[in-house]
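The values are calculated or read from the model by the stated rules, or taken from the named source; none is laboratory data. The structure presented is a predicted model; accordingly, all values stated were derived computationally and were not measured. In this analysis, Cβ positions are derived from the backbone assuming ideal geometry, glycine residues included, and neighbour counts consider all displayed protein chains.
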Amino acid sequence: MFEANYKPAGKAGYQERFDNWKTAIGLQAVDNLTPSEHLIQLAQEHIEGRKTIDEVEKLAEGYYQDADKRKSAETIRQAEADLVSARIAKFLETKTFTLTENSLKVVHKRLFAGFDDYSPGKYRTIDIVKSEWVLDGDTVQYGHWEMLEDEIALLIRQEQSFDYSRITKEGRVNHLVDFTSKLWVLHPFLEGNTRTVAILIVKYLRSLGFDIDNQPFEKDSWYFRNALVRANYRNAAIGIAAEDTHITRFFRYLLLNEKSEFKNRTVHIYWEKESSDPINDPINDPISSIAKLVLQEIVTNPHITYDELAAAVEKSRATVKRAIGELKEANLIVRVGSRKDGHWKTL
């Protein structure tokens, strides 16, 4: 992402800014967004103290103010990746936070201001469904739009009265998993729900005095979202129960520093631990098992790089390139756009 040019100046300075930017940029992967090199450079300058966060935000916004630049959908997505990253870093840098019934609206409005399709800071007025890869194409049952205000208000009031000092560390993890899961599944906004909930949770945990490890949000934001999906899905007809094991592992890393390796494919409802073929894959047998794993990662994140694929499937870059060639030959994927800014498309 970006590298340090000199030694950290302490938790209150360099390191804190560095951690904030790791979270801000890492969370964009939730919506298959990758911040530009321009934004990365601005982030580096802020981390090193050469620019204030306000200067970074203003420069990032100015870069996309040209009306011509905002015409293409690709540029609008790039603007979202850059501006939301800068706004998250700025929001995390502020020291004040109070959990209220309007906190979600405040966070969403600050992150997505100017992106009118998201209706920043306003709860949706329609019901939604989302096809999920980890659910084999099914959807979670999100909150009914007419009940959002009441359900969020009740959940927040219950959380405000909860006393963390009276429970063990294990109990704190379990309670925060439950609170985050219930808040996320309401999905009150048209878009940007996972990023909004993630930032609210980070700010809330800091306000409670928790010294959290930001690394899971930097590298595993997709796993965070998939784990929340799995924790809120049940289908008695096919024998699938809600499973919060995955999101609990994420929070144990976040709060207790219990390091784990997060693999998205293990969250899939048909994952079998003892099987070399992780899910009931519809791909024909002539495709190698490595190619199947690569395809699963591409479906999860169409913007994934060769190096990220190699790390995800635990194989060399050369092996991944061969698997990509195999998938192309089978007409299962194509590359859209340039090598640097393009993405994979499954056929």
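Overview of values
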{"read-out": "Residues within region 154-202 that are farther than 21 Å from ASP117 by Cα, crowded, with 18+ Cβ neighbours inside 10 Å and of a type in the set (Asp, Glu), tallied", "value": "0"}
{"read-out": "Residues that are touching a His at 6+ places or on another chain (Cβ under 7 Å) and of a type in the set (A, V, I, L, M, F, W, C), drawn from region 208-230", "value": "ALA227"}
{"read-out": "Filter result for the condition that a residue is touching a residue at least 24 places away in the same chain (Cβ under 8 Å), more than 17 Å from the chain's Cα centre (by Cα) and assigned by TED's automatic domain parsing to the domain that holds ILE152, over LEU208, LEU228, LEU200, LEU183", "value": "LEU208"}
{"read-out": "Helices (runs of 4 or more DSSP H) contained entirely in region 94-209, each with at least 3 residues that are among the basic types (Lys, Arg) and modelled with pLDDT of 95 or more", "value": "103-112"}
{"read-out": "Matching residues, region 210-224, being in a helix (DSSP H, G or I), closer than 19 Å to VAL173 by Cβ and not hydroxyl-bearing (Ser, Thr, Tyr)", "value": "GLN215, PRO216, PHE217, PHE224"}
{"read-out": "Residues located in region 28-59, provided they are out of contact with any Phe, Trp or Tyr (no Cβ under 6 Å at 6 or more places or on another chain), assigned to a helix (DSSP H, G or I) and under 29 Å from ILE298 (Cβ atoms)", "value": "GLN28, VAL30, ASP31, GLU37, HIS38, LEU39, GLN41"}
{"read-out": "Close pairs from region 87-102: first farther than 18 Å from GLN44 by Cβ and surrounded by 14 or more Cβ atoms within 10 Å (Cβ to Cβ), partner at pLDDT 95 or above and of a type in the set (A, V, I, L, M, F, W, C), Cβ under 6 Å, at least 6 apart", "value": "GLU101/ALA153; GLU101/ILE156"}
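Residue by residue, here is whether (1) modelled with pLDDT of 90 or more; (2) part of a helix (DSSP H, G or I) holds:
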| site | (1), (2) |
| --- | --- |
| ALA4 | no, no |
| PRO8 | no, no |
| TYR14 | no, yes |
| ASN20 | yes, yes |
| ARG77 | no, yes |
| ALA81 | yes, yes |
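Okay, residues lined up against (1) in a loop (DSSP other than H, G, I, E, B); (2) at pLDDT 85 or above; (3) touching a Leu at 6+ places or on another chain (Cβ under 8 Å); (4) closer than 18 Å to VAL30 by Cα:
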{"position": "THR248", "(1), (2), (3), (4)": "no, yes, no, no"}
{"position": "PHE251", "(1), (2), (3), (4)": "no, yes, yes, yes"}
{"position": "ARG265", "(1), (2), (3), (4)": "no, yes, yes, yes"}
{"position": "ILE269", "(1), (2), (3), (4)": "yes, yes, yes, no"}
{"position": "ILE279", "(1), (2), (3), (4)": "yes, no, no, no"}
{"position": "ILE287", "(1), (2), (3), (4)": "yes, no, yes, no"}
{"position": "VAL299", "(1), (2), (3), (4)": "no, yes, no, yes"}
